[in-house]
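The structure appears right after this line, and notes come after that.
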Amino acid sequence: MALLPKLRCIGSMLCAGGAAIIFLTLSASVLGVVGVCVPSERAALLAIKRGFSSDPDGRLASWGAGGGGIPDCCRWDGVVCDNATGHVTELRLHNARADDGSTGLDGEISPSLLDLPRLAYLDLSQNSIGGGGGDNLAASPLPRFLGSLSDLRYLNLSSTGLAGEIPPQLGNLSRLQYLDLSSNSGGLYSGDISWLVGLSSLEYLDMSVVNLNASVGWSGVVNKLPSLRVLALSNCGLTAPAPSPAPARANLTRLQKLDLSTNVINTSTVNSWFWDVPTLRYLDLSGNALSIPFPDALGNMTNLQVLNLQGNDMVGMIPATLQRLCSLQVVDLTVNSINGDMAEFMRRLPRCAFKNLQVLQLSAVNMSGHLPKWIGEMSELTILDLSVNKLAGEIPEGIGKLSNLTRLFLQNNFLNGSLSEEHFADLVSLEWIDLSLNSLIMEIKPSWKPPCKLVYAYFPDVQMGPLFPAWIKHQPSIKYLDISNAGIVDELPTWFWRSYSDAVYLNISVNQISGMLPPSLKFMRSALAIYLGSNNLTGSVPLLPEKLLVLDLSRNSLSGPFPQEFGAPELVELDVSSNKISGIVPTTLCQFPNLLHLDLSNNNLTGRLPKCRNISSDGLGLTTLILYRNNFSGEFPEFLKHCRSMTFLDLAQNMFSGILPEWIGRKLPSLTHLRLKSNRFSGSIPTQLTQLPDLQFLDLADNRISGSIPPSLANMTGMTQEHLPLVLNPLTGYGASGNDRIVDSLPMVTKGQDRSYTSGVIYMVSLDLSDNVLDGGIPEELSSLTGLVNLNLSMNHLTGTIPQKIGALQKLESLDLSINALSGGIPSSLSDLTSLSHLNLSYNNLSGRIPSGNQLQALANPAYIYIGNAGLCGPPLSKNCSSENSRTSQLDLHELKGLSDAMSLYFGLALGFVVGLWMVFFCLLFVKTWRIAYFQAVEKAYDTVHVFVAVRWAKCREKKTATS
């Protein structure tokens, strides 16, 4: 009854026209909220909105009256007001759709923020407020006026594209508790971070990816922030910690998370302050240059849950003091130098943490020994990575007890033995397994059904055969499957394609799997890479999935022609080499804008290559084209003019004809390997080839090329240096067959044999012009191609001498100059080729003494090397050299200098002989007594010889008569 007068009063007020105001006032008193915001702050918010040039997600659509806007600014999206005063206290404008590719708000931070005096919380993270949009996103600096927002407690400007130096005015925000300036790709930096000392209330500081390289004493500054709980300075260019006095360490008594990862901290002392913060729960020093033993002080961090030291060069075994870290959940020591025994390492891990440990990552730490049988006691493990070590022995069955394990990486070790169902018995959570590059055998019953649901299954080199593993039929969740080189000798089961229709990566190569490919693989809608090479598959090239990037069907028994329509418009790599595919190459191959690698070699393809007339202005992206050992004809393919990125071109062993076009040197500037061997090309070697500075392999052998060898070939600087293996596969896969693939086989003639150089020796630097009709001499300039490993100029009509400076080719392993018309001597510098293992100079017109030298004497078949050169002498030939011939054949510049002295000596001897002889004749002619004595002596000698011969002859006749 007491409320009735009040209700009557309210009713009269409503009748007076104040209904709305009184209703809102009543609502405010009952609900405790303010109906409208402060007008001046509403105007400030509208000015802030105008500072953003675009709002693609409509985040500020509710800001402002009219056009669907809400008049009360406290109800605007991202705005939080004080319930009692109506003042704006928070702006929560984080871009929640950044992971979906949204750029969020685009523009600048407006100075109208200063008109929000009670603003305590400002979050603009993940927006594009770095520079007004467009190409200027990273142009704006962090505004200085932010230092005047005195009530600010929370400031998050991470991933906003801001640039320039951080203004020291931020140090005025004495009430700030949370500061995040991380991941600003625009290039924030701070040469002096002493302004941080003013933030005495700071509990959270993240300046990751802010350049602090010039900051002196950075650790001394952060140690003056006693309230810090989280400190993240990842990827800041920090080079070394400051000295570590005890008071500085004591100041960080509340620090729980420390992230100094991806810097270049290279301390060589274990006394740095970050080893002695007992309150830490999270320590990340990964990606630095620490080169010290693991410090004993780690054992004092009894609250530590995460220890990440990966990517350093820390040495030795972990300390026994780690036994006290009972809260440990994550241990990541990947890429260090523990150099110890696995069992010893496991004994030093805290036994009390075995029920807590979730992540153990020890990849590439040079660990040896065996896996302990009690590894199954770590029941909470979710990730176990022991890959790229030297672990040996069998995998213990206890590993099958890790029911929480989701990822198991044991690849690239020396593990052996068998895997049975027991190894997988309780791995119900396993999603990712990699056992590749070991010597393991899976002995699994065909009826076995795995308890897990694998998504990534990598078993290359794990022997599963000879039958196709039936257990994978029960793993339709697998998206990435690799069972390459698994010893499978079986027919591809009919269920395979159906079970793996959703696979993304599929590799069953290097087995002996038979069966017919389906005519179409378009049902594999998710497939990106399919490797079926080196099997016994039959059928024809199928229609391809729409998303496919890589297809390898090489080394099978596929036949028939190419389909006219391939599908797979985004195809990057196609390898159908070493099959029985026939017919012509369809013009559809010209319609793959992203195709980089095409290998059609060793098939029965015929006809001319397509001309590819409809080519975009960007040309074709091909970098590798391998067509050798087919029956292609016509002139040098014209469409190659549009392949400016071509690095590897192989047209060998076909029937291409005509002259080599001059435009090769201009249109293919990136060419490194050019193989045109065994075709019908004619004309001369284009001098424009010298415009290919990166060319390291040139094979024009077995053609009809004439003319002389251009001296300008010496300008090919690619033949003057060593080279790394040539990587040709644009898509990196996974497992044994998923490394960056290299040209599988490079057939060439070297060391007197047809060889197929594979894998790592594709770096071969070679020049082969053999079996043509080249004439003229060998240019002396070729001696400057000091990177050459193989030089073959045999079976031509070359004349002249072998270059005197050929000894400069120190990398040369094979030199073949046989079957030419070379003359003169063999240069003595040839004995300087210490890497030479094959030499053939046979069937030329060489002469003189063969040079001596340890390397030449060690060559096999020494006589064959020089056969067909009648003028050669000396070891290893049986023909001896006369002193004159020997001296003449090996004359050099120093011997020519003494030639006149030798000739004077010989002339003097001859003259003396002639003069002495004529003096005897003169005396016999004019002195009678000498003449009589001379003829008496001659007659006496004659009588003596006659009697001796007559007696001996008579005895021989008597002896012969007696025997008869």
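Could you go through the range 618-632 and let me know if any residue there is basic (Lys, Arg) and within 20 Å of residue 572 (Cα to Cα). Show your work before the answer.
To start, the set of residues in the range 618-632 that are basic (Lys, Arg) comprises 629.
Those left that are additionally within 20 Å of residue 572 (Cα to Cα): none.
Scanning the range 618-632 turns up no residue that is basic (Lys, Arg) and within 20 Å of residue 572 (Cα to Cα).
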Quick check on my filter: what residues within the range 336-362 are within 29 Å of the chain's Cα centre (by Cα), more than 15 Å from residue 304 (Cβ to Cβ) and buried (at least 20 other Cβ atoms within 10 Å of the Cβ)?
336, 338, 361, 362
Just one of the numbered conditions (1) surrounded by 16 or more Cβ atoms within 10 Å (Cβ to Cβ); (2) more than 19 Å from residue 552 (Cα to Cα) is not true of residue 505; which one?
(2)
Breaking point among (1) out of contact with any His (no Cβ under 9 Å at 6 or more places or on another chain); (2) under 23 Å from residue 401 (Cβ atoms), for residue 470
(2)
Flag for residue 731 being modelled with pLDDT under 95 and either farther than 28 Å from residue 798 by Cβ or part of a loop (DSSP other than H, G, I, E, B) (or both):
yes
Here is a check on your reading of the model: is residue 343 part of a helix (DSSP H, G or I), of a type in the set (Gly, Ala, Ser) and out of contact with any helix residue (DSSP H, G or I) (no Cβ under 7 Å at 6 or more places or on another chain)?
yes
Looking at 636, 562, can you tell me which residue is in contact (Cβ under 8 Å) with a residue 24 or more places away in the chain, closer than 23 Å to residue 515 by Cβ and assigned to a loop (DSSP other than H, G, I, E, B)?
562
Among the residues of the range 565-578 satisfying the criterion of being in contact with a strand residue (DSSP E or B) (Cβ under 6 Å, 6 or more places away or on another chain) and acidic (Asp, Glu), which is surrounded by the most Cβ atoms within 10 Å (Cβ to Cβ)?
575
Checking 794, 829, 852 in turn, the sole residue that is modelled with pLDDT of 95 or more and either small (Gly, Ala, Ser) or part of a helix (DSSP H, G or I) (or both) turns out to be 794
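Return yes or no: is residue 385 touching a residue at least 40 places away in the same chain (Cβ under 8 Å) and closer than 26 Å to residue 483 by Cα? Before you say what the answer is, go through the steps one by one.
Values: touching a residue at least 40 places away in the same chain (Cβ under 8 Å): yes; closer than 26 Å to residue 483 by Cα: yes.
Considered against the rule, which asks whether it is touching a residue at least 40 places away in the same chain (Cβ under 8 Å) and closer than 26 Å to residue 483 by Cα, residue 385 comes out as yes.
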Taking the range 832-845 and keeping only residues that are assigned to a loop (DSSP other than H, G, I, E, B) and charged (D, E, K, R), one is left with none
Being among the polar types (S, T, N, Q), over 35 Å from the mean Cα position of the chain (by Cα) and part of a loop (DSSP other than H, G, I, E, B) is true for just one of 103, 85, 89, 160. Which residue is that?
85
Just wondering, is there one or more residues in the range 598-610 that are out of contact with any strand residue (DSSP E or B) (no Cβ under 8 Å at 6 or more places or on another chain), assigned to a loop (DSSP other than H, G, I, E, B) and surrounded by 22 or more Cβ atoms within 10 Å (Cβ to Cβ)?
yes
Find all pairs meeting these conditions: Cβ atoms under 6 angstrom apart; at least six residues apart or on different chains; first residue within the range 36-65 and under 17 Å from residue 108 (Cα atoms); second residue part of a strand (DSSP E or B).
49/63; 51/107; 52/107; 53/106; 53/107; 54/106
Matching residues in the range 572-594 - criterion: being of a type in the set (S, T, N, Q), closer than 14 Å to residue 559 by Cβ and not in a loop (DSSP other than H, G, I, E, B):
582
Checked the range 701-728 for anything among the hydrophobic types (A, V, I, L, M, F, W, C), modelled with pLDDT of 95 or more and in contact with a Lys or Arg (Cβ under 7 Å, 6 or more places away or on another chain); matches are 701
Scanning the range 815-838 for residues that are small (Gly, Ala, Ser) and farther than 12 Å from residue 853 by Cα, which turns out nearest to the chain's Cα centre (by Cα)?
835
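Residues are listed down the side, and each one gets a yes or a no for (1) crowded, with 20+ Cβ neighbours inside 10 Å; (2) free of Cβ contacts under 8 Å to residues at least 12 places away in the same chain; (3) in contact with a helix residue (DSSP H, G or I) (Cβ under 8 Å, 6 or more places away or on another chain); (4) among the aliphatic types (A, V, I, L, M):
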site	(1), (2), (3), (4)
392	no, no, no, yes
400	yes, no, yes, no
406	no, no, no, no
416	no, no, no, no
419	yes, no, no, yes
Among the residues of the range 455-477 satisfying the criterion of being surrounded by fewer than 21 Cβ atoms within 10 Å (Cβ to Cβ) and aliphatic (A, V, I, L, M), which is nearest to residue 515 (Cα to Cα)?
467
What is the residue count in the range 824-869 for residues that are buried (at least 18 other Cβ atoms within 10 Å of the Cβ) and of a type in the set (Phe, Trp, Tyr)?
2
Across the range 533-564, which residue is surrounded by the fewest Cβ atoms within 10 Å (Cβ to Cβ) among those that are of a type in the set (Val, Ile, Thr) and farther than 16 Å from residue 591 by Cβ?
538
Can you tell me which residue within the range 799-815, out of those that are among the charged types (D, E, K, R) and surrounded by 16 or more Cβ atoms within 10 Å (Cβ to Cβ), is nearest to residue 859 (Cα to Cα)?
813
Any idea which of 629, 613 is in a loop (DSSP other than H, G, I, E, B), at pLDDT below 85 and basic (Lys, Arg)?
613
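The values are calculated or read from the model by the stated rules, or taken from the named source; none is laboratory data. All values derive from a computational prediction rather than experimental measurement. Cβ: placed from backbone, ideal geometry, glycine included. Neighbour counts: every protein chain shown.
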